[in-house]
1. Find the residue count for segment 1-38, including only residues that are in a helix (DSSP H, G or I) and either open to solvent by 60 Å² or more (accessible area, probe 1.4 Å) or aliphatic (A, V, I, L, M) (or both).
2. Do we find that LYS96 is touching an Asp or Glu at 6+ places or on another chain (Cβ under 9 Å), part of a helix (DSSP H, G or I) and modelled with pLDDT under 90 in this structure?
3. Would you confirm whether or not segment 113-124 contains a residue that is among the small types (Gly, Ala, Ser), open to solvent by 50 Å² or more (accessible area, probe 1.4 Å), at pLDDT 95 or above and outside any strand (DSSP E or B)?
4. Please give the number of the condition THR87 fails out of (1) β-branched (Val, Ile, Thr); (2) farther than 19 Å from ILE12 by Cβ; (3) at pLDDT 90 or above.
5. Of all the residues that make up segment 39-62, how many are open to solvent by less than 60 Å² (accessible area, probe 1.4 Å) and touching a residue at least 12 places away in the same chain (Cβ under 8 Å)?
Amino acid sequence: MFKMTLNQNDGILLISYSGYFTVYEAKLFQRELELRLSRIEPKEYALVVEVQEIRLSTQELAPMFEEIKQTYLSAPFRSIYSVECQTQAAAKIKRKGQDRPNWTPVRTVDEALRLVKSGRGAEA
């Protein structure tokens, strides 16, 4: 399951994903992400990413999820907030973002949203 919420007023793109993914669902996720990114100017937005445990219907999906992660991690967002999760997939995302000056780990989505709205946290 994935969910993307774009809040243009506050300049926030929230991406949340977890659970079981089939090839079809993974392709939908990838297409929606690409569409969302094509319709915004990432440098004007903060990205909030929440990844819980994901299960893939086939191991052939692993490269697709790596590509999905690279798509949003390589976009020039003003700031990125990663909801810290205890899963292996989330730990990989956290490690990949730690070298970015605009990366802030948070405990909850609400904490990330408060930081974005207050202008604190990871600002480039």
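1. Of the residues in segment 1-38, 13 are in a helix (DSSP H, G or I) and either open to solvent by 60 Å² or more (accessible area, probe 1.4 Å) or aliphatic (A, V, I, L, M) (or both).
2. No.
3. For segment 113-124, residues among the small types (Gly, Ala, Ser), open to solvent by 50 Å² or more (accessible area, probe 1.4 Å), at pLDDT 95 or above and outside any strand (DSSP E or B): absent.
4. (3)
5. 14
The values are calculated or read from the model by the stated rules, or taken from the named source; none is laboratory data. Just so it is clear, the structure is predicted and the values come from calculations on it, not from any experiment. Every residue, glycine as well, gets a Cβ built from its backbone with ideal geometry; the counts of neighbours run over all protein chains shown. Ligands, DNA and RNA are stripped out before the accessible areas are found, and what is left, the full protein with its side chains, is counted by its heavy atoms. Shrake-Rupley method; radii C 1.70, N 1.55, O 1.52, S 1.80 Å.
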